[in-house]
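One structure is given here, and the rest of the page talks about it.
Just so it is clear, none of the values below were taken in a lab; they were calculated from the coordinates. Note that the structure is predicted; figures quoted are calculated from it, not measured. Here the Cβ positions follow ideal geometry from the backbone for every residue, glycine too, while neighbour counts run over all protein chains shown.
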């Protein structure tokens, strides 16, 4: 029996095993997408009317009003203070949690408890956490600071735990062979391997906290976001435009700073 001709065009193997299965999955996904959109009851006339309202809104935002620059500067400073303090607290508190969540360092019961705490913390968005803290501590930067600090601890601990689990085992075994204790193993074999990446992660989290500090304020957790929410509530759109421009400048400054620091660390 003669074999069939060899294929002249290479095709990547199907992710679902066969092309028939892949086509079935694609068709099912399209059907589900169409069904999902149909259940949203989108009113086309109402959606089109939003463009006219958007044009009116932007017209009322021009030119931006910077006359109340003291209030603007206060909100920006508050957002920066929240971001810096939350990042510092997150770095310090994430170290023990990250070590406890590393499979290759912590005992299994400690590892499972730490991982459960991280998974639970990552379940909730910053805005939901901010609403919770606003209910507990009232409106203001305290709720925003606690929100960003908690989110930073969870994020940095997860990243640190994954970095520790990916370190080379040789240095750890070598330090343990000398009779070193647990913390000596961490300091002399784990820290040198994870420190550069951890510093970069902390800088990234600082940049993220600068952006998040402008969001959590919308629900009353302090910062420039709270000022922005109040200006929209009063239909003070020209001042809102000034706030938005200030937020863009603040986020751009944070992005530039994080890029410079990461460049120095390379």
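Note on residue 257 and residue 232: the model spin-label points, each 7 Å out from Cα along the C-beta direction, lie 2.5 nm apart. Multiplying the residue separation of residue 166 and residue 139 by 0.36 nm and removing their Cα-Cα distance gives an extension gain of 5.6 nm.
Listed by Cβ neighbour count within 10 Å, with the fewest neighbours leading, 15, 137, 155 appear as 15, 137, 155.
Once both labels are positioned 7 Å from their Cα atoms along Cα-to-Cβ, the gap between residue 191 and residue 66 label points is 4.6 nm. With R₀ fixed at 30 Å, the C-beta to C-beta distance from residue 248 to residue 33 puts the FRET efficiency at about 0.35. Listed from fewest to most Cβ neighbours within 10 Å, the set 105, 160 follows the order 105, 160. Report which label in [x] 47; [y] 66; [z] 54 holds the value of percent of Cα pairs over 24 Å apart derived from the coordinates of this structure. From the options [x] 47; [y] 66; [z] 54, the structure gives [y]. On full extension, the segment bounded by residue 178 and residue 74 gains 31.9 nm, given 0.36 nm per residue less the C-alpha separation. What separates the Cα centres of the stretch 165-208 and the stretch 44-75 is a distance of 49 Å. If R₀ is 41 angstrom, what is the calculated FRET efficiency for the pair residue 40 and residue 211, using the beta carbon separation as r and rounding to 0.05? The calculated FRET efficiency here is 0.90. For the chain, adding -39500 (n - 2.57) for each run of n ≥ 4 DSSP H residues and dividing by the number of residues yields -25500 deg cm²/dmol at 222 nm.
Order the peptides 124-133, 59-68, 85-94, 184-193 from the highest to the lowest mean number of other Cβ atoms within 10 Å of their residues.
Highest mean packing first, the order is 85-94, 124-133, 184-193, 59-68.
Our summary gives the chain a relative contact order of 26 percent, counting only alpha carbon pairs under 8 angstrom and 6 or more residues apart.
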